[in-house]
Structures are given as C-alpha cells and as structure tokens.
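The values are calculated or read from the model by the stated rules, or taken from the named source; none is laboratory data. Computed from a prediction, not measured in an experiment: that's the story for all the values here. Glycine gets a Cβ as well: all are built from the backbone with ideal geometry, and neighbour counts include every protein chain shown.
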Amino acid sequence: MNKPRLTQQRVQELLEYDEHSGEFRWRVTKNPNIRKGEVAGCQARSEYWSIHIDGRNYRAHQLAWLYVKGEWGRPLIDHRDGNPLNNRWTNLRLATHTNNAANRPRLPRNTSGFKGVSFDRRRGAWAAQITKEGKRYFIGRYATPEEAHAAYVAKARELFGEFARVE
C-alpha cells in the first residue's frame with residue numbers, strides 16, 4: 001500500500017525548523033522516545049541528517065526546503081559549504097547534478113594538494129583539467145602546481161559560476 005506523499009502542512013504540523021541553526025525539533029510527542037521539543041532525527045550512514053516521518057526517512061535538507069518553500073527541492077539541494085549536516089537555510093540552494101558535482105571538495109586521493117591538478121610524469125609538468133557533464137576539458141600544462149591550479153580556478157568559475165568549489 002502506498003503511503004501518502006509528505007506535504008508542507010504535515011511537516012509544519014510535526015516539526016519546527018529553525019532557519020538560523022538548521023535544526024528541526026518535534027512539535028508533538030509521538031511516543032516515549034520522541035517528545036515535543038526534542039531534536040528530530042539523527043545522522044544517517046549517508047552522512048546526511050535524516051528524520052523519520054510517517055514510516056519513511058527523509059533527509060533534513062529536503063525537509064527544510066519543503067518546510068520553507070512548500071515544494072521538494074528538485075533536482076537537488078546543494079549545501080553551499082559542502083557540509084551535509086549544515087542545514088541552515090542560507091546554506092541550502094537548488095542545484096542540478098552538475099552544479100552539485102562542481103561543489104565537491106578535492107578528492108582525498110589527490111596528491112598535488114590542488115583540485116583539478118595532477119603531475120604528468122611523461123611530460124614533467126603539472127596538468128590542469130576539469131569535467132562538466134561527462135566532458136573532460138584539458139586546460140593545460142604548467143611548471144608549478146600553483147600555476148595549474150590558478151588555470152583550473154579560472155575555468156571552474158567560467159563553467160560553474162557560484163557552484164565552483166576550488167579548494
């Protein structure tokens with residue numbers, strides 16, 4: 001049996017959202033373990049804050065968008081600072097999958113210390129490249145990782161605008 005889709009009215013009936021802290025608190029006592037005034041939800045294995053409502057788990061950033069805007073954040077809600085637990089209203093924005101990918105930090109396996117920069121051993125130079133929507137853009141080769149990173153930053157801002165995370 002399908003459960004009814006969660007609405008803004010239902011979320012506001014059950015929860016109170018503090019836009020400044022990003023925190024949800026229960027407006028009602030649901031059972032001995034969930035009492036009015038307590039922080040709602042917990043950190044899920046996915047690293048996002050999750051809240052269980054009417055038999056389903058919802059990510060808090062999606063609930064915040066529904067609570068304030070009255071609609072689901074589609075296609076995605078991006079955390080400006082990259083912290084999936086920071087659900088302050090000013091930290092949330094609508095994004096495409098491409099925007100969201102652009103806002104990811106440098107990968108841990110990166111050895112250059114700079115996002116978008118790697119060492120080209122065959123040519124003995126630092127290479128800068130970036131990907132957007134599956135297309136790889138080769139930016140160039142440079143004498144230092146700092147020069148390569150500066151080129152990466154310029155291209156990232158050109159391609160992704162406010163979503164460009166360059167560190």
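There is no residue in the stretch 142-163 that is in a loop (DSSP other than H, G, I, E, B), of a type in the set (Gly, Ala, Ser), surrounded by fewer than 16 Cβ atoms within 10 Å (Cβ to Cβ) and under 21 Å from the mean Cα position of the chain (by Cα). Suppose we keep only residues that are of a type in the set (Lys, Arg) and out of contact with any strand residue (DSSP E or B) (no Cβ under 9 Å at 6 or more places or on another chain) within the stretch 116-141. Which one would you say is nearest to Arg157 (Cα to Cα)? Once the filter is applied, the top-ranked residue is Lys132.
Each residue in the stretch 37-78 was checked for being touching a residue at least 40 places away in the same chain (Cβ under 8 Å) and touching a Lys or Arg at 6+ places or on another chain (Cβ under 8 Å), and 5 of them qualify.
Tell me, which residue of the stretch 1-34 that is among the charged types (D, E, K, R), assigned to a loop (DSSP other than H, G, I, E, B) and at pLDDT 95 or above is farthest from Lys69 (Cα to Cα)? Of everything passing the filter in the stretch 1-34, Arg27 is farthest from Lys69 (Cα to Cα). Considering only the stretch 39-51, how many residues are exposed (fewer than 13 other Cβ atoms within 10 Å of the Cβ) and on the phi < 0 side of the Ramachandran plot? Number of matching residues: 5.
Looking at His20, is it surrounded by 15 or more Cβ atoms within 10 Å (Cβ to Cβ) and under 30 Å from Arg106 (Cα atoms)? In short, no.
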